[in-house]
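Participant: Just passing along the structure, written as structure tokens.
The values are calculated or read from the model by the stated rules, or taken from the named source; none is laboratory data. Note that the structure is predicted; figures quoted are calculated from it, not measured. Note that each Cβ is placed from the backbone with ideal geometry, even for glycine, and that neighbours are counted across all protein chains shown.
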Amino acid sequence: MSDKYVINTMIYHINNTTSTNDEARGENYQHMDVIWSEHQTSGRGQRGHSWHSVEGENLTFSVVLHPTFLPIVEQFLLSEVVALALVDAMAEYGIECRIKWTNDIYAEDSKLVGVLIEHSLSGDTLARTIVGIGLNVNQREFPADLPNPTSMALRCGREFDREEVLRGFMLNLQQWYDILASGDKQLVEHAYISRMYHLGEEHSYMLPSGEVIRARIRGVKPSGELRLEHADGTVSEYAFKEIEFVLPHKQAAKKE
Ligand code: BTN
């Protein structure tokens with residue numbers, strides 16, 4: 001991405017809140033405003049999980065967007081835009097990442113960033129979207145019960161200026177958002193698919209019944225469903241709650 005791109009984003013840096021996604025609901029916040037809190041009493045993750053982050057070490061923030069041009073059925077494009085901006089922002093620090101569907105950001109087999117996106121709708125289009133991001137920056141020790149966390153500091157062996165990381169991400173977000181707003185959906189979709197974690201590789205996935213299947217990612221539908229090819233060559237599509245990655249460390253634990 002061009003470094004000539006300049007944005008004027010407002011960053012509201014606060015000490016404490018329940019969740020920045022709650023705080024960002026405030027009507028006073030505008031498109032592309034950022035609410036960054038050092039501490040969250042009820043930081044939320046995906047699938048009903050909470051989000052762990054040590055105060056003063058990471059980035060836990062939400063971005064307010066007004067994507068009124070985007071039909072509800074195409075809302076997954078916003079997840080793609082956010083994931084792409086995170087991958088590009090990390091690449092600027094030499095951290096190569098992949099996108100674990102739907103929008104976890106992984107460095108090798110460890111989770112570096114979690115994203116929780118919440119939409120409000122108006123008629124057939126989106127009205128306001130809150131993009132909540134937990135980016136592990138300088139934290140080096142994590143609770144043992146977290147499956148596979150990592151941080152920028154663990155990847156690179158040095159500390160980072162968190163505001164600089166945040167501004168770098170916002171620049172990338174603005175650029176990918178502009179591509180989407182200009183109507184180039186295919187560019188966004190292709191870029192997202194090409195950066196997917198385990199794209200085309202045989203891997204284990206768990207169904208809600210607990211059954212584990214082996215399959216290969218063949219892409220993502222514009223509406224967000226994961227396309228998986230089974231061993232017999234058939235392809236099925238799965239919505240978010242219909243399939244889960246079996247992470248490498250869980251597979252290893254099973255074999256023991
Ligand atoms: C995930 O489970 O991977 C998503 C984690 C999202 C965490 C971020 S931290 C900032 C924002 N506020 C929240 O309560 N959650 C998101």
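Participant: Based on this model, can you work out whether ILE11 counts as in contact with a helix residue (DSSP H, G or I) (Cβ under 8 Å, 6 or more places away or on another chain), modelled with pLDDT of 95 or more and more than 16 Å from GLN174 (Cβ to Cβ)? Write out each step before concluding.
Facilitator: Working: in contact with a helix residue (DSSP H, G or I) (Cβ under 8 Å, 6 or more places away or on another chain): yes; modelled with pLDDT of 95 or more: yes; more than 16 Å from GLN174 (Cβ to Cβ): no.
No: the conditions fail for ILE11.
Participant: Something else now. What is the residue count in the stretch 144-180 for residues that are among the basic types (Lys, Arg) and surrounded by fewer than 18 Cβ atoms within 10 Å (Cβ to Cβ)? Spell out how you get there, then give the answer.
Facilitator: Keep residues of the stretch 144-180 that are among the basic types (Lys, Arg), which gives 155, 158, 162, 167.
Okay, now just the ones that are also surrounded by fewer than 18 Cβ atoms within 10 Å (Cβ to Cβ), so 158, 167.
Number of matching residues: 2.
Participant: Determine whether the stretch 181-195 contains at least one residue that is surrounded by fewer than 19 Cβ atoms within 10 Å (Cβ to Cβ), more than 30 Å from GLN30 (Cβ to Cβ) and over 15 Å from the mean Cα position of the chain (by Cα).
Facilitator: Looking through the stretch 181-195, at least one residue is surrounded by fewer than 19 Cβ atoms within 10 Å (Cβ to Cβ), more than 30 Å from GLN30 (Cβ to Cβ) and over 15 Å from the mean Cα position of the chain (by Cα).
Participant: Do we have any residue at all in the stretch 228-244 that's within 30 Å of SER62 (Cα to Cα) and assigned to a loop (DSSP other than H, G, I, E, B)?
Facilitator: Scanning the stretch 228-244, I find at least one residue that is within 30 Å of SER62 (Cα to Cα) and assigned to a loop (DSSP other than H, G, I, E, B), so the answer is yes.
Conditions (1) without any contact (Cβ under 8 Å) to a residue 60 or more places away in the chain; (2) among the acidic types (Asp, Glu); (3) over 22 Å from GLY219 (Cβ atoms), marked per residue:
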{"position": "ALA85", "(1), (2), (3)": "no, no, no"}
{"position": "ASP88", "(1), (2), (3)": "no, yes, no"}
{"position": "ILE133", "(1), (2), (3)": "no, no, yes"}
{"position": "ALA153", "(1), (2), (3)": "yes, no, yes"}
{"position": "MET170", "(1), (2), (3)": "no, no, yes"}
{"position": "TRP176", "(1), (2), (3)": "no, no, no"}
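Participant: Right, another one. I'm told VAL220 meets every condition in (1) buried (at least 17 other Cβ atoms within 10 Å of the Cβ); (2) more than 30 Å from PRO67 (Cβ to Cβ) except one. Can you identify the failing condition by its number?
Facilitator: The one condition VAL220 does not meet is (2).
Participant: If the requirement is being touching a residue at least 40 places away in the same chain (Cβ under 8 Å) and out of contact with any helix residue (DSSP H, G or I) (no Cβ under 8 Å at 6 or more places or on another chain), which of these qualifies: ARG158, ARG162? If you could, list the steps in order and put the result at the bottom.
Facilitator: On the way: ARG158 fails: touching a residue at least 40 places away in the same chain (Cβ under 8 Å).
Residue meeting the stated conditions: ARG162.
Participant: Right, something else. Quick check: anything in the stretch 114-125 out of contact with any Leu (no Cβ under 7 Å at 6 or more places or on another chain), among the charged types (D, E, K, R) and surrounded by fewer than 17 Cβ atoms within 10 Å (Cβ to Cβ)? Don't jump to the end; show me each part of the working.
Facilitator: Taking the stretch 114-125 as the starting set, the residues that turn out to be out of contact with any Leu (no Cβ under 7 Å at 6 or more places or on another chain) are 114-116, 118, 120-124.
After this cut, where a residue has to be among the charged types (D, E, K, R) as well, the list is 118, 124.
From the residues that got through so far, the ones that are surrounded by fewer than 17 Cβ atoms within 10 Å (Cβ to Cβ) too are 118, 124.
Scanning the stretch 114-125, I find at least one residue that is out of contact with any Leu (no Cβ under 7 Å at 6 or more places or on another chain), among the charged types (D, E, K, R) and surrounded by fewer than 17 Cβ atoms within 10 Å (Cβ to Cβ), so the answer is yes.
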